[in-house]
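Have a look at the structure below, then the notes.
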Amino acid sequence: MRYLRLTDDAQLPALGQGTWGMGERAEHRSGEVRALRHGLDLGLGLIDTAEMYGSGGAEEVIAEAVDGRRDEAFLVSKVFPHNASKRGAIEACERSLTRLGTDRIDLYLLHWRGNVPLEETLEAFERLRSDGKILHYGVSNFDPADLADLWGEELGNRVVTNQVLYNLSRRGPEYDLLPECRDRDVPVMAYSPIEQGRLLGNGTIRRVAERHGVTAAQVALAWVLHQPGVCAIPKAATPEHVEQNKAALDLALTDEDVRELDREFPPPDAPTPLAIL
C-alpha cells in the first residue's frame with residue numbers, strides 16, 4: 001500500500017473503499033459486508049462513509065465488516081452541513097460512532113459547505129478531537145474560494161484533507177484546487193474515480209486497458225492514483241471488484257498512455273466550477 005502524509009504522525013492510504021449506496025437494501029447487506037471485509041484482507045483499510053449514506057445504514061454495514069478488526073481500519077465519515085453547528089456536529093458524530101460501533105472516527109469531514117459558519121463547525125470538530133472521538137478532521141466538496149475562507153479561520157490549518165469529485169472526465173481541480181492543496185501538504189481524496197461507471201465505455205480508456213491486459217475501470221483508477229497528493233475511494237460491491245481495484249495500485253501507465261488520455265480528456269486551461277455528485 002502507498003500512503004500520503006496526513007500529519008506528522010499519521011498517513012492516509014492511497015487507495016480505500018467507498019460505501020455510497022451501501023446499507024440501503026437488507027438483501028444486499030451480507031454481500032456488502034463481505035466485500036468490505038475482503039478489502040481489509042487485502043490491506044484496503046481506508047473506508048469512507050457518511051451519515052447521509054443509506055440514512056446511516058452504510059455506517060452500520062461498516063460496523064459489521066470491521067467487527068473484531070477495528071485496528072485494521074481507517075474510518076472516514078461525514079456530517080451533513082445542517083448538522084454542523086457547534087452542538088449539532090457533536091451530536092451527529094455521537095450517532096455515527098454508535099452506528100459504526102467504535103469509540104473513534106479516524107477522519108471526520110464536513111460533507112459540503114452549508115449555512116453554519118465555518119468557525120462554529122471547526123470549534124465542534126476541535127472539541128471532538130480533544131475528546132478523542134475523532135482523530136483528524138477535514139472537509140469535502142470545498143472549492144478554492146471555500147478553502148480560502150477555511151484557511152482564514154484560526155482552526156483552518158488543522159484541516160487535513162479535502163474530498164472532491166475528481167476523475168478523467170472531471171479534471172477541473174487540476175487548475176487551482178490540487179496545486180493549492182499540495183502547497184499546503186493537504187491530500188485530496190477523490191470520490192467517484194470512475195465517474196460511477198460512466199467512463200468504462202470510453203474507447204480511448206478501453207484501448208489503453210487492452211494494451212495492459214486490464215479493465216477500463218483499472219485504467220481510470222490507476223490514472224487517479226498516478227496524480228501526486230491524491231488518494232481514491234472507489235466503491236466495490238463484490239470481492240472480485242475489490243481485487244481489481246487493489247490491482248490498479250500496481251498498474252503503471254506509460255507516458256504514451258498518459259498523453260493519449262490527455263488528448264481524450266484535456267486538462268483544464270482556466271478555473272472550472274467544482275463538480276459535485
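Read-outs: derived from the displayed coordinates by stated rules, not from any lab. The model shown is predicted, which means the values in this text are computed figures rather than measured ones. Every residue, glycine as well, gets a Cβ built from its backbone with ideal geometry; the counts of neighbours run over all protein chains shown.
Between R158 and A270, how high is the FRET efficiency from 1/(1 + (r/R0)^6) when r is the Cβ-Cβ distance and R₀ = 25 Å? Nearest 0.05.
Numbers: r = 32 Å, r/R0 = 1.26.
The pair R158/A270 has a calculated efficiency of 0.20.
Pull out a ≥ b ≥ c, the square roots of the eigenvalues of the alpha-carbon gyration tensor of region 50-195, then state rounded if a/c is under 1.5, prolate if not and a/b is larger than b/c, and oblate in the remaining case.
Numbers: a/c = 1.79, a/b = 1.27, b/c = 1.40.
Taking the square roots of the gyration eigenvalues as a ≥ b ≥ c, region 50-195 is oblate.
H136's amide H: which non-local residues (gap 5+, or another chain) put their own amide H closer than 5 Å, with H modeled 1.01 Å from N in plane and none for Pro or chain starts?
L107, Y108
Looking at the chain, what % of its DSSP beta bridges pair antiparallel, to the nearest 5? Walk me through the intermediate numbers first.
Numbers: 5 of 31 bridges.
Counting DSSP beta bridges with both partners in the chain, the antiparallel share is about 15 percent.
Which order do the peptides 20-29, 155-164 take when ranked by the mean count of other beta-carbon atoms within 10 Å per residue, highest first? Mind dumping the intermediate values first?
Working: 20-29: 15.5, 155-164: 20.2.
Going from most to least packed, we get 155-164, 20-29.
Sorted by mean Cβ packing within 10 Å, highest first, what order do the peptides 270-277, 197-204 take?
Details: 270-277: 13.1, 197-204: 14.9.
Going by the mean number of other Cβ atoms within 10 Å, highest first, we get 197-204, 270-277.
Averaged over all directions, how much area does the convex hull of the C-alpha atoms of region 168-277 cover when projected, in nm²?
Working: hull surface 28.2 nm².
Mean shadow area of the hull around the Cα atoms is 7.1 nm².
Which FRET efficiency, nearest 0.05, do D149 and D9 yield, Cβ-Cβ r, R0 22 Å? Intermediate values should be presented prior to the final figure.
Values: r = 27 Å, r/R0 = 1.25.
Here the calculated transfer efficiency is 0.20.
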